[in-house]
Structure formats: C-alpha cells, structure tokens
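A short worksheet on the structure shown next.
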Amino acid sequence: MASRPPLRTTSVASVSSSTDSPTSAGPPGGVPQSITALLNNPLPSAAASSYSWLPWPPPTIALPEAAPTPPSHPCEVTRADFTPYLAAVSDPYARFADIRLHATAELAASSDAEGAPAAPSGLAACLREVPALFFKEDFALEDGPTFQAACPLNDDGLQERLGQHLDVVEAHLVREIALRSESFYEAQGRLRGLDGEIVTAVGRIRELREVVKVLTGDLVGSARQVQELNATRGNLVALQQKLTVILYVSQALAALKLLVAAADCAGALDVIDDLQNLLDTDELAGLYCFRHIRDQLGTSLDSVNSILSAEFVHAAVPDGKAVDAMISSNVKRKASSPLNGTEHEGNIDAEESFILRDRLLPLIICLLRTDKLPAVLRIYRDTLITVMKASIKATVAELLPVLTARPVDSDSISGDRAADADVGQSLANKLRSLSSEGFVQLLSAIFRIVQVHLQQAAEVKRIVEWIMGNLDGTLSVDATIPTVQHGGSVVSDISQESDYSVSSRGSNPLTRSTSKIPFIQAKANELSIINSIKNVRADVLRENTEAVFAACDAAHGRWAKLLGVRAALHPRLRLQEFLIIYNITEEFIAATEKVGGRLGYNIRGILQQQSKQFVDYQHSVRMAKIKAVLDQETWVAVDVPEEFQAIVLSLSSTYSSVNGMDMPSAEDNSKFSDPTNKEPAYSAENSAENGKLTSVVGESKVESTSQTENNVTGNQRSALQTIVHGGVGYHMVNCGLILLKMLSEYVDISKCLPSLSFEVVQRVVEILKLFNNRTCQLVLGAGAMQVSGLKSITSKHLALASQIISFIHSLIPDIRRVLFLKIPEARKQLLMSELDRLTQDYKVHRDEIHTKLVQIMRERLLANLRKLPQIVEGWNGPEDNDLQPSQFAKAVTKEVNYLHRILSQTLLEVDVQTIFRQVVQIFHSHITEAFKKLEVSTPQAKNRLCRDVQHILTCIRKLPAENFSVETIPNYGLLDEFLAENFGTKVGE
C-alpha cells in the first residue's frame, strides 16, 4: 500500500487546472462530499495570523546549515549531535512550512485581485461591529442578567438591531468561505486521487490472497491438517481430564453429604480439604456447574464445626441431671443423720480419664484443623457455666423441702413452722428459714456439684494442654512429617502410645508420649499449617485457661449469692454454727482457686464482710448484755465454777487458746454458759420466727431475778470461793464471771477468724472500757443505788469492785498476749498503746476505790470526833469507877475492826496493808490533834483519856499496816508520842 503523499502548496492557477484535469477525476462512485480537509485544515485566519500565534514565522527558503561556532567549553557540541532530533521533526516541520507558504500565497492573491490589503478575518470584524456579549462562550438568554443586557425592555429598535447583527455575521462568514474555496477544491482533488490508489491496492491484495490460498493447499496442507489434529487431540485430553475432575468433584460432594450426615467429621474435613485444594489451584475455573461449590463447602464446613462443637461440649461438660440426681440422693439419704462434717471427694479415676481423653482427642484435632478450637472453647465456657448454674439451682430447689422438713433441736425451728416452711414462701425465704445445719448441708451439696464440674473442667484443660504441647513439638520438625488421610487414624495412633495418667486432684501433669501427633493431610501445605498452629496455639491456651477460671468465678458468684440471702441471719448464729459455714466457704474457695489458678477476690470480700458483721453483731449483743448485767448487779460475792477457772488457766498458761486450746464443741457449749443464765442461742430460726431478737436488757432482768436459783445450782456443782490467776485468788461477782466468759468468747472468735484479730482486739478494748467506766459509775458514783435498788454503797461493795477491777487488770496482759499472736507486727503498736491506756485506767480505778475506802474510814472517824467533846464533859465529874474505855474509843475501834474484817475477807493482803497504812496515819494525826484540844483538868478525866488512848493504840497495833516508823513498835505514831508525853507511859503498862 502506497504511503499517503505529502501536501504541497501550489498557486491558484495550478489548483484550478489540476481540479479540471482528467487525472484528478474521482472514483466511480462520484465525488465524495467530505469536508474532512476543511475541518482538519491548520491554516489560521488572516486576523489570527496577524496576532502571530505560531511559535516561529514560516520560512520562505530552506534553512541553511549554521556554521559551527568554536566551543567555549571543553565539551564540544556539533550539528551532528542534533541529527536525531532534526530527523524526528523534519517531516512535521516541512508540512507546517508548506501550510504557511500556501496561506501566504492565498493572501497575496486575494490582495492583488481586490487592489487593497487583506481585510481582517471575519471573527475580528464581527467583534468590532457586533457586541462582544453575543460571542461569549457561556452566552444564554435564559440567564437573567444576560437577557437584560442583550434584550433591554422598552427598546423599539431591538428587533431591527438584532437583524443587523445577524446580517453582519452572515456577510463575514460568506466572505471567509469564499476566501477558502480554492483550498477546499484543491483538497477535494487530492482526496479523489487517494481513493483511486486505495481501490488499486485492494485489487492487488485480493490477487495476493488467491496466490497464498493456492500455495497453502499445495505445499503446507498436510502439515496444517496434522497440526489441527494434534490440537484436537490435546483438547480432547483436556476435556477428558476436566470430565474426570467433574466426576471426582460430584462424587466428593455426594460423599461429603453422607459424611456430614453420619457425623464423620474427620472424613468430611478430608473431602473439604481436597475440594478446597482444587479450588485454590483453579482446576474448576470456568465450570459453570460448580459455580456454587465454595458456598457448598462453606455450608458443609459450618455443619462440621457445629457437630464438633456440640460433641466437644457434650463430652467435656458433665451431665447436669446425673450429677444432680447422685448428689441429691446422697443428701436425702443422710438427711436424717446430723452433720458430722463435710466431705467433698469427687475423684476422677484413671479409666475415666482415658475415656474422656479418647473422646476429646479426635474432636480437638478436627477443631484445630478448622481453626475453630478457640471459638468452641468459648462456647464450652458459656455452656459449662450455664449447666453448673442450672445444676445448682435445681439442687437448691430439690433439697430445700427435704432440709426444711428435717427434725431440728429445741432451739431451732418449731414443729408447726417446719410443717409450713415450704408453703407460700419464695426461694429466698425458704433459704432463710433453713437451720444453720440444713444450710450447711445445702452448701455441702453445692460444693460437690461445683467440684464435679470443675474437676472435669480441669481434666479437659489438662487434656487440651497435653495435645497442644505435643503439637508444639511437631512445629520443629521438617516438612517430611508423616500425615494421614483420615482423622480417625490419628486417634488410633495416639491411643496406642505409652502410659497416660491423669491425676484426679490435678497434682500430676499429663504424661507426654515420645511420639508426636501427626497433623492434617498430605495434600495440604505443611508450612502454612505449622504457621497456622503457631498463631492459634496462644488463643487455644488462653481460652482453655479462661474457661476454667470463668467456671470458678461463676461458682463463686452462686455461692456468694447464697451467703448474701442469709446475710442478715449469719451474724446472729452461735460461733460454732457460723464457724462451720465459714470453714466450708474457706474450703470451697481454696478448692476452686486451686482449680482456676486465680484468686477469687469477690467471694473473699463477701466472706470477710460477713465475718466482720458477725463480730460486730456479737460485740453489740455483748455490749448491751454486759451493760444490762452491770445495771442489775447487786455486788454480792458468788462461787466460781471450775469452768471459769479453766478459762483463766487457758488464758494464762503457755498453751493458750490459739496455741492449743480446742474450740468448744456443741456438746460442751453448756460448760461456758453464764452462771446466772443460759444464754439463748441467737440462731437463724429464732430470728426468722420472732422477727427480731428479744431485748437484751429484758434478758438481763430475768437473769437478776433468777440469780439466787442459779447460784444454788452453781453451788451444787464443783465450785471455788475465788478464782485464781497468777497464784492470787480473787473474789468474783456475777458481772465479773460474765465478762470473763465474754472475753473467752472473744478469744475463740479471734482464733477461729484470724483475719479479724485486729477488730476483735478493738472490741475487747471497747468492752473492757465499758465495764471499767460503768463499774466506776455504779460503785464509786453510787449509781447502783438508782439502777440496782441498793440502799447504800458499803465497803463490802467497794471491796468486791476492787477485786473485779484487780482481776481484770491482772488478766489484760494474758489477753493481749493471746490476741496479739495473729496480728501483724505493723499493726500491734496502735493496739499496744490502747491496751496500755486501758491497763492504766484499771489501775487508777482500783486506786480510787482504795482511796474511797480510806475516805469512808476517815469520815467515820471525824463523825466520832465531833461527839468527843460531849463525852469528855462527863469525865470531869465525881469519881467514876468504870474502868472501860469511853464510848468514843469503843466506837472508833469497832468500826476500824469491822473494816479490817471485811477487807481482809475480800481484798488481797497487799491492798489491805496499803489501805490500813493510810488509815493508821489518819488515826494518829486526827485523834492526836483532837486529844490535844481537850480540856482535861481532873485526875479522873486524865485517867479516862489515858485508857482511851491505850485502847485505841492497842487496836492500831493489830491493824495490818506496814511499819512506816523508825521504831520497832508496830504502827507507831503521833498517838504513841502523845501518850508518852502526857502520861509517861506506853501501851500495855
């Protein structure tokens, strides 16, 4: 095909002649009416050419070769360096130059014809005559401002003016077309020539095709046939292979449905892996019949995962109904027998461990193949929690009627109330109506239920960890890992491993075999499988651990809820009853934390809170009771039963309560009852039945009214006159014995609840302060005369109060030593200072009582001294043959001897000596001063005075006061000196 000739510029005459010549005739079809040449003509208008829009003017002659200039730089540049560029632009530039020359020639011809210079282009002329508004690119009359500018209103000549504008534009357009008509005809002639050349070329091509056809048939026909047959054979082979793949896929899909229906998860996963491999290798690309195979595989995989999940959960979670039935039967069988402790043994033997492992192993392997084990473990966790909660709820609902109807003690729920316990009551009310023993039975049953579930959960956790540990070993081997075609062979291989033992208590880990678990099929990419295992292993171990911990946490929540329902009743229980609940809860917490591996802060907080409430309530009851007992105290000495002496010995000996003294059992609880009243048991039954506790003050009044009867009962038992502590015997009153009993109970609470030892010590300090302050108000402050009905506060009362205060003062160090054994060193300093202040308060109180006794004796002496002047007036009368001392001397000695007898029977010898030392000093000073003021004038009066002095000194000599004088005479003092100075004699002369 000939190439298109370049356009050449010719004159107007030559164009006209060429147009009319026969060589320029068009094709047979006639002259083509095409304006392509006009549209593609790059010739600018005259006006545009005047603006010189071209980058350079068209050259009129050929470009001369420029002479090379001497380089000013060491790197020389010659014309040859620009040869490639000039060769690339030479043809476009030549065409451009021809067009410019053609345009120049046309302009020149037009100028010569008209005899005038060329007019500007039509567009420029129009712009001068027609407003520029009409030539804007965005001209639109529908635009408001444009319409107002182009067509102003009230303009009568608008239509005429617009018509003139159209005429001007039309005239200029006609002129422009006339100027370019010659170029149009020249282009039209060239186009006709090009069409003729094309027709010629087409004919030659047709001839060439005929020649090629002949050559193909004669020379290469056989070879081409062979090639086509080979291509056909290859297509048929490919078709056969594709049909084989289609048959295999169809059979695999049918087998997959059967495997899924038969719950053969391992076989189904093998088929899914094969089909997935075909999809990944584009073997099924383009097969329209298998366009939905990915969706079918996804559906089948979801079904397999659902089956695996259901079977795993069914195998891993214990059957709640079976567990409930077993535990309920045990509780019902033991319902008639008393609670002898809690047994929570639910061991899983080795055979059950192997059975569980054999059931879980293929399921876990298949779940690992689908990367669904973490998700299934989360489902297992939720199911385990749900089943355990449902088991607990069912057990509570089933056992409540049995435990409520159990026969109870006399201090528990009554028979009528037990018969109606389950009538019209909610679950919470039924739980509150249980006796403490029945509630412990219920907690024990729940403990066993939780233990069964948690033990199996721990077993599942160890099995998963064992499998993941063995899989972790396979991660280090190379790609030649032996693989299997069916997941069931994995189970058979693992089942034939060496000994496998599972400890039911979780003390021994799973025994790992020497052979590792082969994983997945040979068709899978083993490297990607190993990477997948590495990524999923951490999630599996984490979810495995979280499942057990979540189950423990749920068990803690249920247990805490049960404790919370009876939160108002537990503080009112006896210590032994509360301690059983506390101990079983502690055992439950320890067992679950051992399985879960984490601390249960929630349930520990609830147990600590209820323990503190128990201590607070017991303390408030004892505070109210000791206050009521003190208000009803008559300050009469009572015999001390041997049980109270045993309490003192247990506190003072090295084998104290926290070092070896056993907790009193329920049978021995009567040994520690009050000597004046058997303390009522503030059990849950009494609280629920009566609605509130009986007033403690009322109980104390009953105690005071039956005091005599109880003291007689105490005397019938083996009793002591005093209570001995530190080798010293102290006389006791009823309130002192009750306080001692309370202190022993505080010690028992501190021993049984060591975490609350600090609070117990504070409560002990508080009750001892109350006892000290209230005793001071009642005895020294004479408050007992108003509250106890005493007519007066005698020296006997003061002496007994001193004994009680002295006994408690001596007992405080032992109590402190016993209670401080469970308190950390960092917290002892605060309590030590409080106890030191309390000890000092007791000592001050005791000294004040002694001072009060001395003051009583001094007041009696002063009262007798005020009568002395009247008595002395009778001495100066006539001769008196009465050789007896005067009434003054007899009264003084009688009163001091009475005080001596009372105090000697009650107080310690040291205290008696301290008191009478002050009494002797007062006697010497006051009597001597009074005798010196007497006016004795007659010998009879002097003799009577001498006899009185000797009689008083004789009495003073017998008093057990310390010898405070330098003389060897006992109780020597001012009265002895008065006798020697005035009468020149001594006592006994």
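Pairs with C-alpha atoms separated by more than 28 Å, drawn from the list 741/769; 372/561; 561/741, are 372/561; 561/741. Overall size of the range 799-850 from C-alpha positions, given as principal axis extents largest first: 39, 16, 8 Å.
Computed with every protein chain present, the accessible area of residue 822 is close to 100 Å² [probe 1.4 Å]. Segment residue 375..residue 262, full-extension length gain: 38.3 nm, with 0.36 nm per residue of separation and the alpha-carbon distance subtracted. Surface listing: 623, 468, 832 arranged by accessible area from highest to lowest gives 832, 623, 468, probe 1.4 Å.
Sparsely packed loop sites in the range 132-231 (the chymotrypsin sites (Phe, Trp or Tyr not before Pro) outside DSSP H, G, I, E and B with at most 16 other Cβ atoms within 10 Å) comprise 139. Over all pairs of different C-alpha atoms in the range 824-948, the reciprocal of the mean inverse distance, the Kirkwood hydrodynamic radius, equals 17.5 Å. Just to be sure I understand the curve: with the Debye formula and one point per C-alpha of the range 184-254, what is log10 I(q)/I(0) at q = 0.14 Å⁻¹? At q = 0.14 Å⁻¹ the computed log10 ratios are -0.71. Taking the inverse of the mean reciprocal distance over all distinct Cα pairs, the Kirkwood hydrodynamic radius of the range 718-830 comes to 15.5 Å. If you take all other residues with their beta carbon under 14 Å from the beta carbon of residue 904, and give Lys and Arg +1 and Asp and Glu -1, the sum is +1. For the range 536-616, treating each Cα as an identical point scatterer without solvent, what Debye log10 I(q)/I(0) comes out at q = 0.12, 0.17, 0.19, 0.22 1/Å? At q = 0.12, 0.17, 0.19, 0.22 Å⁻¹ the computed log10 ratios are -0.40, -0.67, -0.79, -0.97. Ranked from largest to smallest solvent-accessible area, with a 1.4 Å probe on the protein heavy atoms, 776, 955 come out as 776, 955. Between residue 223 and residue 289, the C-beta separation translates, for a Förster distance of 45 Å, into a calculated FRET efficiency of about 0.75. As a calculated quantity, the FRET efficiency between residue 873 and residue 721 at R0 = 41 Å, using C-beta atoms, amounts to about 0.25. Annotation: residue 281 carries an accessible surface of approximately 70 Å², with a 1.4 Å probe and no ligand, DNA or RNA atoms counted. Peptides 580-591, 187-198 ordered by packing proxy, namely the average of other Cβ atoms within 10 Å per residue, highest first: 580-591, 187-198. Each of 228, 142 has its accessible area taken with a 1.4 Å probe; listed largest first, they run 142, 228.
A probe of 1.4 angstrom, applied to the heavy atoms of all protein chains, finds residue 437 with accessible area near 60 square angstrom. Of the peptides 440-446, 256-262, the order by per-residue mean of other Cβ atoms within 10 Å, starting with the highest, comes out as 440-446, 256-262. FRET efficiency for residue 160 and residue 138, Cβ-Cβ distance as r, R0 = 30 Å, nearest 0.05? It comes out at approximately 0.70. Between residue 319 and residue 821, full extension at 0.36 nm per residue minus the direct alpha carbon distance yields a gain of 176.0 nm.
The values are calculated or read from the model by the stated rules, or taken from the named source; none is laboratory data. This structure is a prediction, so every number in the text was calculated from the model and none was measured. Positions of Cβ are generated from backbone atoms using ideal geometry, with glycine treated the same way; all protein chains shown enter the neighbour counts. Keep in mind that these areas ignore ligands, DNA and RNA; they rest on the heavy atoms of the full protein, side chains included. Shrake-Rupley method; radii C 1.70, N 1.55, O 1.52, S 1.80 Å.
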